[in-house]
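First comes the structure, then the notes that go with it.
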Amino acid sequence: MLPRFYAPDAAPGATAVELPADEARHLTRVLRLGVGAEVAVFDGAGHEFVARVARVSRAGVRVRIGARREPAPEPAIPLTLVQAVLRGEHMHDAVRDAVMMGVAAIQPVATEHGQVRLSALQRGGGAERWRRIAVASAKQCGRAVVPAIRPARTFGDIVAEAPADGALRILLVEPAAAAGGVHEAASLSRRPEPRSAVLAVGSEGGWAADEVEAALAHGWLPVTLGRRTLRADATPVAAIAVLQFCWKDL
């Protein structure tokens, strides 16, 4: 397998591009590649190419673009993950795994039971860190698309928005909520496949009652994965896998 690098300027028609500084460091200092090495580059928007290292210097790394290369296919049903921000490395894991599973975008949200406030999210550099994790995950799993990491918002703001393109909006709830109109995830296989979907996953403390009520009032579908309670950082990847299985979109 060719080493893969993120090169946002490597769009169709480009003949040579400079690698971003962190990608250049990975090529030279970690993989210790030099001029003439054959690599693959992708632009984060779905295009991938075979390339050859043309220059390595203090100024950076330049690669010459060659033939188109087929990346891993994207899911047929675009899925946006609305993820309550988790503490520390747990959020990093959630972002990494969601990208690996093929999400189209990640929307971080502050929730009532979450331990991270919106003001702290807006002040900190979390979004940039999550974007770097998204790039690294795309490189590892063979995707040529880097999902958008959207600016953090409150869950209440997201809930009230009208769904784009008629997207199916799914609120993942805990097993204890399985009574009273909550759907088992497997039951989605008996519904028509949506054109797109939004999946909301809560924090370590789960959803507050008024958050669930607001979501249901705005047409979100409450879904549970089953009888067992999963770790907050493991829940997104499990839920995405179940949905893709139900939609035959693996």
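What follows draws every value from the coordinates through simple rules; no lab data is involved. Predicted model, so just to flag it, every value in this text is computed and none were measured. Cβ placement follows ideal geometry from the backbone for every residue including glycine, while neighbour counts extend to all protein chains displayed.
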Q | Residue order, fewest to most surrounding Cβ atoms within 10 angstrom, among Asp97, Asp165 | A | Asp165, Asp97
Q: Going by C-beta contacts inside 10 Å, put Ser119, Ser196 in order with the fewest on the left.
A: Ser119, Ser196
Q) Using alpha-carbon pairs under 8 Å, 6+ residues apart, how would you state the relative contact order of segment 22-78 in percent? A) 26
Q. For segment 4-68, max minus min Cα coordinate along each principal axis, in Å, sorted largest first?
A. 27, 20, 18
Q. Which whole-number percent gives the relative contact order of segment 79-246, counting Cα pairs below 8 Å spaced six or more residues apart?
A. 32
Q | Environment charge at Gly66 (Cβ cut-off 9 Å; Lys +1, Arg +1, Asp -1, Glu -1) | A | +3
(Q) I need the semi-axes of the equivalent ellipsoid of segment 116-179: take the C-alpha gyration tensor, multiply each eigenvalue by 5, square-root it, list largest first in whole angstrom. (A) 25, 19, 14
Q | In order through segment 62-67: 3J(HN,Hα) via Karplus (6.51 cos²θ - 1.76 cosθ + 1.60), integer Hz, x for Gly, Pro | A | 10, 10, 9, 7, x, 6
Q. Taking amide hydrogens as modeled 1.01 Å from N in the peptide plane, which residues meet the under 5 Å criterion relative to Ala148, leaving out close sequence neighbours?
A. Ile106
**Q.** Relative counts (whole %) of C-alpha pair distances in segment 174-247, using bins that are 10 Å wide
**A.** 17, 55, 28, 0
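Neighbouring Cβ atoms within 10 Å as the yardstick, rank Asp249, Asp233 fewest first. Please report the intermediate quantities before stating the final value.
Details: Asp249 15, Asp233 22.
Going from sparsest to densest Cβ surroundings: Asp249, Asp233.
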Q: Please check the chain for the longest run free of trypsin sites (Lys or Arg not before Pro) that are loop-located per DSSP (anything but H, G, I, E, B) and have at most 11 other Cβ atoms within 10 Å.
A: 59-226
**Q.** Candidates Pro12, Pro108, Pro192, ranked by Gaussian network fluctuation over the chain, Cα under 10 Å, top entry
**A.** Pro192
Q. Between Gln140 and Leu31, how many nm apart are label points set 7 Å from Cα along the C-beta direction?
A. 1.6
